[in-house]
Amino acid sequence: MSTRIRFLGIAGYEIVSDAHRILVDPCLSAQSNPPLTPDELEAPDVILVSHAAFDHYGDTAAIAQRTGAPVVCGADVRLALLEHGIPHGQIRQTTWGIVVEVGGVVVRPVECHHWSSIRLADGSTVTGSPMAFIVEPEPGVRIYHYGDTALYDMRLIGELYEPTVGLLGCAQPLELVDETAAGRLLTGEMSPDEAARAAEMLGVQVAVASHYLERTPEVDEFVRLVAEHDTTAARQAVAPDVGDVIVLQNGVASVERREPEAIR
């Protein structure tokens with residue numbers, strides 16, 4: 001068996017195994033050069049939304065409406081989906097610790113140090129709890145999606161749930177930075193060093209760089225620092241380009257690169 005993880009850009013992933021097709025934080029329409037359009041995605045068994053930020057909530061409503069796929073999300077995202085016409089029976093609201101099975105996929109939401117809020121059509125702003133997720137697309141492959149968390153002590157998550165793959169934010173997409181705000185942005189939710197330390201605390205076998213569109217110096221720094229903080233001397237660091245597919249087989253990751261002619 002093998003699991004394939006296609007990097008859709010920012011923190012979006014399509015995770016495919018023999019048993020499951022899982023979509024996480026799909027944000028394609030906001031990209032200038034997406035690997036595919038929301039209409040081109042195959043129907044997933046479940047869509048996971050970590051929080052309501054536009055670069056994570058993204059195209060969820062449109063994909064759910066087209067495919068009928070169920071959505072696992074927080075309270076604020078649920079209200080936004082209902083407003084977009086997604087029926088109650090297609091949504092499973094949850095939060096940290098409340099493990100659910102939706103579309104045949106067991107979804108474990110875990111702690112996420114971030115924020116989540118969204119503005120509804122009536123002008124009101126609602127907030128919810130951001131989530132990180134652990135899913136097991138095939139036996140022995142446990143994928144942790146960081147959900148935009150900042151660094152905290154993640155050792156207990158590693159001890160209890162033993163994730164084998166970590167999708168870890170280490171950069172900030174420059175295209176999404178608000179240059180009109182006061183001052184300037186210096187890091188994303190985790191710096192490269194913090195993300196590499198998160199990989200060590202979680203004990204993952206494969207640490208995957210996340211939260212970018214173009215490969216930046218921060219992404220390369222993350223790859224270097226994963227090895228520096230690795231006490232196992234066996235951890236792989238992977239930094240896919242948007243559209244690349246990470247293939248997991250027997251605990252080893254390889255990358256299938258996006259074909260140049262596929263670039264839009």
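Some points to look at:
- Here segment 1-119 is treated with +1 on each Lys and Arg Cβ and -1 on each Asp and Glu Cβ, and its dipole about the Cα centre works out to around 140 debye.
- Viscosity 1.567 mPa s, 4 °C: Kirkwood-radius Stokes-Einstein D of segment 140-241 over Cα pairs, µm²/s: 94 µm²/s
- Charging the Cβ of each Asp and Glu at -1 and of each Lys and Arg at +1, and nothing else, the dipole of the chain about its Cα centre rounds to 380 debye.
- Packing-based exposure ordering (other Cβ within 10 Å, fewest first) of Cys170, Cys27: Cys27, Cys170
- Residue-count net charge about Asp76 - beta-carbon cut-off 12 Å; Lys, Arg +1, Asp, Glu -1: +1
- As a proxy for reagent exposure, ranking Phe54, Phe222 by other Cβ atoms within 10 Å from fewest up yields Phe54, Phe222.
- Shape call, segment 33-159: gyration tensor on alpha carbons, a/c limit 1.5: oblate
- Residue with peak Gaussian network fluctuation, the chain [Cα springs, cutoff 10 Å], from Arg215, Arg119, Arg108: Arg119
- Ordering 132-143, 226-237 by mean Cβ neighbour count within 10 Å, with the highest value first, yields 132-143, 226-237.
- Extreme residue, positive dipole direction of the chain, given options Ala64, Ala199, Ala209 (C-beta unit charges): Ala64
- Under 13 Å, Cβ to Cβ, from Met131 - net charge with Lys/Arg +1 and Asp/Glu -1: -1
- Residues Thr3, Thr216, sorted so that the one with the fewest Cβ neighbours within 10 Å comes first: Thr216, Thr3
- For the chain, dividing the convex hull volume of the Cα atoms by the residue count gives 126 Å³ per residue.
A short reminder: the numbers here are calculations on the coordinates, not readings from a lab. Just so it is clear, the structure is predicted and the values come from calculations on it, not from any experiment. Backbone-built Cβ (ideal geometry, glycine too); neighbour counts: all protein chains shown.
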